[in-house]
Structure formats: C-alpha cells, structure tokens
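Just so it is clear, none of the values below were taken in a lab; they were calculated from the coordinates. In this text the structure is predicted, and so the values were computed from the model without any measurement. Counting neighbours? That spans all protein chains shown, and the Cβs are built from the backbone with ideal geometry, glycine included.
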Amino acid sequence: MSDLDLLKSHPFCRGLSEQQTQALLAAARSVHYPEGAVIFREGGAANAVYLLLTGRVVLEQHVPGKGDVQLENLVGGDLLGLSWLFTGARWVLDARAVEATDCIVLDAAKVHALMNADAALGLALAQHVIMQLYQRLERVRLQRLDVYRGDR
Amino acid sequence: MSELASSMIPAPLQVVSARRESADVVTLTLDAAAQPHAFEPGQFNMLYAFGVGEAAISMSGEPANPELIVHTIRSVGAVSAALSKLGPGDVLGVRGPFGAPWPMNRAKGNDLVLLAGGLGLAPLRPAVYHALAHRADYRRVFLLAGARSPSDLLFREELARWQQSQQITTLVTVDHANQDWKGLVGVAPALLARIELEPLRTVAFVCGPELMMRFSVRELLRRGIAEERIYLSMERNMKCALGFCGHCQYRESFICKDGPVLSYQRIQPLFWLKEA
C-alpha cells in the first residue's frame, strides 16, 4: 500500500478531499518502531503527529517513587500526540511502543502551514483533534473516578 | 412446603473450596449434590452468613453443573466479610435462584458482546460458559473485561485461556498499571473501540459499577447499538428477593424480581436520574 493509501485509510484523514490528503502527504513519512522503542518523551518538542497504523503504544507518566505508570494504550487508527496542535508545545507524557508499531508521522510545522493556508482543512483537522481530546477526557474521567474500588 | 415457604428458608450448603481471586475477593464453591441447583446465567442467590445476615450474590459458575454452586464475593460489608472468611467444610445458607437472567435466547443469531467491569465479570461468567457451550447459536462472541489493576483481575487463568481461544475474542484491560503489566491499559468501555461492531447484529450484556455501565451505554449507543439490544445487570439492596419487601424498588420495577438483568430500553428513563 502506498503512503497516500495508508494516509487515506487513517481516520485522521476521513472526510478530506483528494487534494487535501495529497497536501498532507508532503508532510508525511512512514516510520516503524520496534517493540520497546521510545517514540517521544515528556518535555520533548511536540513537533509531529503520529497516525498509528498497526501495533500498540502506551502513554506513560513517570511518577517519582513509583516509576513509569502506564496511563493508556493506543492502537492502529488512533492518533498519537495531541500537543502538536499548538505551536511551540512540548509533550506532556512519554510514548513507548509496546508492540512493533507502524505509523505515519506528520511534521507539525508543515501541517500548521497547511491548516493556515486552507481554512477548511484546518477546521477538519482541528475538529478531529478536539474529538480525540474529548474522548480521551471522558476516559480519563472514568479512570480517575476509580469506580471499581469497593464495588460488589 | 409451599414454593414461597421454600424460597424463604435457606438451605444449608457446605463450602467445597474457597479460592482467593484478589486481596478482597474470594470465590466459594458450594456442594449442592444433594439438592441440584439449576440456574440461568445472571441469576443470584441470597447467601446467609449465620448470625450475621443475608446478601444477594450472583452465581459465577457453570450453569450446566447444578451440583456445584459458585459465588464470587467481594468483602465490602458485614455479611460479605463474613462470607469471605468461610473455608472448606464451613456451612452457609442459600436461598434461590432468583431474578431475571441474561437473555441468552434473545442474543441467538447475533454477535454477543459481554462487557464487564471489576466484579461485574462474575455475573457474566455463566453467560460466557453458556455461549461457549452453545457456540453455534451465536455469531462472534466478545468478552471485554476491565479491572482496576492487574492484581484486581478475576479468573486470571480462565481469562488467559479464553484469550487463546478461537471461540471467543477476549480483551482485558486495567485502569492503572506499572511497567510490569504487558496487557492493555485503559477503561473497559474503551475496549468497544477495539472491535468491529455490526450494530444491527449485536446484543450487548453489560455488568459493573453503575458509573461504568453509564459510560458503557453511552459508548454502545454512540457505536450504533440500539437501546433494545443493550442489557444491564442492576444492583440494589435486596432483602426478600421475592418482590415483596420493596427494598430493591427501582420505581415501577423490583430489581430482585424484574431484574437484576433489565433491558436498557426498559430502564432508560430512570437510568440517568440521580436517585432512582
């Protein structure tokens, strides 16, 4: 499958025109991460967005005294990295491939330029990221409520 | 003795084995060989810890083996704490089975999604046994199970076996884990995103803390599963288990008699109310 086909197959590009997807392709590269590879670390420059195709990635937070705590897994079809939407942002979590993972990596600066040049593309991508954020927020709320403590 | 009288008098049964599932959860197997105890997946018994009191506990064992009654109990109150301390040879009182079961027939010919959170896996385990024993009756069978942490997972060996089985797709996740855990991390309802659902050919059974079920229902509806295809096991404080005393009243329904398994369509108007 070509990079363009891979890009088209990812939910991030759902609803985009052929021309818009072609434009994103110019910012894209395919990357393979072997099992155990660190994809990014907390504090690093959030300069890319990762469209996961296959494999599994864990988001982790280092907690002093407890080590690395796993927060959530992401798999094929998911978007890894939300901070990139904001210029100059830094990653707030670690991301590590727990299984061999294939993804398309989009250069954040190039995506920003495309979003600025094409308002419809900008809106579509921003909406997608917001939806991902919203769904992650829902999951985090449930996680935080610790509902299984004392259930019967 | 009338049926009513017999359903009010606990039968003394002996504990055959007590298996510790986690720090505060134990699975008791009771000898019912003298009085085989047929039940349907999702039903419950009233278990009587002598001198302490009764509690409603779902069956978690094999419906096809009525000579052994299995209950999985978390120690959260006086009665469940007393039951949790029982060991082989001890005797407890049993009334039941009571309540409306999982609608296994309704799910025939469909994909069956069993979504469990925490101790909610216990009332769903008989449904898994049933689906596997009648595998041809169902299309795909999914067991999606969530727990607080790896050490809180119930039936670990069985889950591992089902994860290897071609008969059932089993996904297990935990809310929190350190790096030793190699499985999925995240909340149970999020597992629905990990399977390809065919909404018009899917029936979902959900069991877990009510908040987890609210999130699950929202996610199922979002994925196109119709209200009438979603079933929940509700929990309320039960006393008589016969629909007389009203302790478990859920407006016009009694959880002990009309439930514990109820269709979401039936309880939808109440489900989102704060006090129902």
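Output the relative contact order of chain B, whole-number percent, from Cα pairs under 8 angstrom with separation of 6+ residues. If you can, show how the numbers build up before the last one.
Details: 597 pairs, mean separation 47.6, N = 276.
Here the relative contact order equals 17 percent.
Other residues with beta-carbon under 15 Å from the beta-carbon of residue B:136 carry, at +1 per Lys or Arg and -1 per Asp or Glu, a net charge of +2.
Provide the three semi-axes, in whole Å and in decreasing order, of the ellipsoid equivalent to chain B as defined by the square roots of 5 times the Cα gyration tensor eigenvalues. Walk me through the intermediate numbers first.
Details: eigenvalues 162, 97, 66 Å².
Calculated on Cα positions only, the semi-axes equal 28, 22, 18 Å.
Taking 27 Å as the straight-line reach from the Cα of residue A:66, the lysines in range (excluding those fewer than 8 positions away in the same chain) are B:182.
I want the antiparallel fraction of DSSP beta bridges within chain B, as a percent rounded to 5. If you can, show how the numbers build up before the last one.
Working: 34 of 58 bridges.
Of the beta bridges lying entirely in chain B, close to 60 percent run antiparallel.
In chain A, which helices (entire DSSP H runs) extend 20 Å or more along their own long axis, judged by Cα positions, while averaging at least -0.5 on the Kyte-Doolittle scale? List each step's numbers first, then the result.
On the way: long enough: A:119-145 (38 Å, 0.30).
Those that clear 20 Å and a mean of -0.5 are A:119-145.
How large is the convex hull of the Cα atoms of region B:131-263 per residue, expressed in Å³ as a whole number? Can you show the working numbers first?
Details: hull volume 18.9 nm³, N = 133.
Per-residue hull volume (Cα only) is 142 Å³.
Close amide-amide hydrogen proximity is noted between residue A:39 and A:95, A:96, A:97, each under 5 Å apart and 5 or more residues distant or on a separate chain (H modeled in the peptide plane; Pro and chain starts excluded). Mean projected area of the convex hull spanned by the Cα atoms of the protein assembly as shown, taken over all viewing directions: 23.1 nm². Computed from the C-beta positions of residue B:91 and residue B:8, the FRET efficiency with R₀ = 22 Å rounds to 0.75. For residue B:176, neighbours were defined as the other residues whose beta-carbon sits under 9 Å from its Cβ, and their charges (Lys and Arg +1, Asp and Glu -1) total -1. Counted without the sites themselves, the longest stretch of chain B free of trypsin sites (Lys or Arg not before Pro) in a DSSP loop having at most 10 other beta carbon atoms within 10 Å is B:1-250.
Between A:129, A:63, A:31, the Gaussian network model of chain A with springs among Cα atoms under 10 angstrom shows the greatest mean-square fluctuation at A:63. Within the listed set B:116, B:160, B:241, the Gaussian network model of chain B (springs between alpha-carbon atoms below 10 Å) gives the highest mean-square fluctuation for B:160. A convex hull fitted around the alpha carbon atoms of chain A yields 127 Å³ per residue. GNM on chain B, alpha-carbon springs under 10 angstrom: the most fluctuating residue among B:196, B:158, B:235 is B:196.
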